[in-house]
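Each reported figure results from applying straightforward, stated rules to the coordinates on display, with no laboratory input. Keep in mind it's a predicted model, so treat the numbers as computed, not measured. So basically every Cβ, Gly included, is an ideal-geometry build from the backbone, and we count neighbours across all protein chains shown.
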Amino acid sequence: MRREKDVGTMNILIKNGTILTMSEKGIIRQGAVVIEDDKIVDIGKTEDLERKYGRGYEKIDASGKVVMPGLINTHQHAAMSLLRGYADDLPLQEWLENRIWPIEKCMTPHHIYVGALLTAVESIIGGTTTVNTMYHYTRGENEAKAFSDVGLRGIIGHVCFSWRKREDKLLLEELAGKWHNKRDGLIRVSVDPHSPYTVDPEYFIELKEIGRDLNRKYGSQEAPIIWHIHVAETFDEVEKIQAAFKVRLKDGIFEYLDSLKFLDEYVIAAHCVAITEKDIEIIRKRDVKVSHNPVSNLKLASGISPVPKLVSKDVTVSLGTDSSCSNNTADMFEVMKIAALLHKGVNRNPTVLSAGQILKMATIKGAKALMWDEEIGSIEPNKKADVIILNFRKPHLFPLYSEESHLVYAAKSSDVETVLINGKIVMENGKLTTVDVDKVLEMVEKAKEDLIERVKSNLK
Ligand SMILES: [Zn+2]
């Protein structure tokens, strides 16, 4: 890709591309995007905008390329990429309790940082510009530092469990104070009850209040602190909740969470696989956001979320990869394709979830799900410049009838060439500008060996 440098400016003109705006403007051919500092200031036809913004702009020639908003991954556990391929082919509970949780106990803040660094790098290379991650927040090195070092936008959560309430509260306060809306607005934070079977009813009520309190101190209408939780991932979850907390669930988990006054538009619920009609009604009524993770749900054989039904009720459904332990990549192109195919297959209906709908779920709906759609999710003036450029001059993308069709059914994450986040070029022609990928891989290898040693000595 040719780039005419104009040293000393932070302004960029992407020209001659096919712009998939994901807004009412639709697709602009021979289009241009004008970026000043961290914002998109104008979009339109190249000939018009080149005349208007000729000098003082660094130019990116996007001939033969598609320019679109960066993808938004609404459910991740970024640090866990360090455990990619460590344990597979097991039922969720056995996988978690016997394999994942024991090795996670040996993870230090450095391991968490390195794992998140790997996910951040992998995400950007594959065209994802925002990641919503739930993990243990640690002092010093952590996921927030990793995202910020790589230049990835994200919401960093601290996952909360009933067995460590005191520690959770201290860490949530520190996370929000240090990181919410920091690094030029790149990083936001969330309060993350792990799930309804690991968080007791009283703690749910408390975590809602803690989140409100943190919002009063550090949040705002424009940049709220949200709540991120796993709900109804498997079909035995109701029984697990009843056994753990001696409660009686009448008509689904969402009814139970609603009775605790936990649900509102600031809650994003990952999975929503084992849900009832009543659950769907409550999700809709409370405007709870859903993160659909088809690859993870298939790999763990958890079941299939009734996404077409949720979409038909106007629920905001977004897409997530889940961690690289249960996916096992951070590839949102793969998630888009599998989401589109899965629901057609199980419903025996090829009209279900069109390519256009899937693209929305990975962009503007993802932004809505994270309460961030005022700033990201589409290419529109005044939004933050989170933009990806894909090379469409590839055999598997020829001939071209519909960009939307190709992006969901034919494109691969490796077709992403250039990535901008917050107006900064973080990847150019396939090369990251913020970190040395080889160095990150070396760090990962070292961290993995160290972690395995720690697990061995822990078992002795
Ligand atoms: Zn998860």
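For the range 72-197, the fraction of C-alpha pairs farther apart than 21 angstrom is 37 percent. How far is the Cα center of the range 186-215 from the Cα center of the range 243-287, in Å? First find each Cα centre; the distance between them is then 15 Å.
Neighbour counts of other Cβ atoms within 10 Å put SER162, SER123, SER259 in the fewest-to-most order SER259, SER162, SER123.
Taking 19 Å as the straight-line reach from the Cα of LYS182, the lysines in range (excluding those fewer than 8 positions away in the same chain) are LYS39, LYS145, LYS217, LYS383, LYS384, LYS424. Name the aspartates and glutamates eligible as straight-distance cross-link partners of LYS261: C-alpha to C-alpha under 12 Å, and not fewer than 8 places from it in the same chain. Of all the aspartates and glutamates, those that pass the test against LYS261 - Cα under 12 Å, at least 8 places apart if same chain - are GLU202, GLU206, GLU209. Taking the helices alone, the chain has a mean residue ellipticity at 222 nm of -11000 deg cm²/dmol, built from -39,500 (n - 2.57) per DSSP H run of at least 4 residues and averaged over all its residues. Among GLU58, GLU143, a tally of other beta-carbon atoms within 10 Å of each Cβ gives an order, fewest to most, of GLU58, GLU143. Remark: relative contact order (the range 284-377) = 28 percent; criterion is Cα-Cα distance under 8 angstrom and separation of 6 or more residues.
Once R0 is set to 60 Å, what does the formula 1/(1 + (r/R0)^6) return for the Cβ-Cβ distance between ASN349 and LYS261, expressed as a FRET efficiency to the nearest 0.05?
That pair, ASN349 with LYS261, gives E of 0.95.
Each 5 Å bin from zero up to the one holding the largest Cα-Cα distance in the range 71-369 carries the following percent of pairs: 1, 6, 13, 18, 20, 19, 14, 7, 2, 0, 0. In the range 71-369, what % of DSSP beta bridges are antiparallel (nearest 5)? Counting only bridges with both partners in the range 71-369, antiparallel ones make up about 5 percent. For the range 182-218, the residues whose backbone nitrogen is under 15 Å from a point 7 Å from the Cα of GLU167, taken along Cα to Cβ, are 194.
Neighbour counts of other Cβ atoms within 10 Å put THR130, THR316, THR329 in the fewest-to-most order THR329, THR316, THR130.
Look at where the Cα atoms of the range 79-138 and of the range 318-366 average out, and the two centres are 21 Å apart.
Taking every C-alpha pair closer than 8 Å and separated by at least 6 residues, the mean separation divided by the residue count of the range 71-369 gives a relative contact order of 20 percent.
Once you list every other residue whose beta carbon is under 10 Å from the beta carbon of TYR135, what net charge do they have if Lys and Arg are +1 and Asp and Glu are -1?
Here the charged neighbours net out to -3.
Of the chymotrypsin sites (Phe, Trp or Tyr not before Pro) found in the range 371-429, those that fall in a DSSP loop while having at most 15 other beta-carbon atoms within 10 Å are TYR401. Count Lys and Arg as plus one, Asp and Glu as minus one, and take only other residues whose Cβ is under 11 Å from that of MET371; the net charge is then -4.
Over 27 Å between Cα atoms: which of LYS208/LYS446; LYS105/LYS446; LYS169/LYS313; LYS313/LYS412 fall into that group? Table pairs above 27 Å Cα-Cα are LYS208/LYS446; LYS169/LYS313; LYS313/LYS412.
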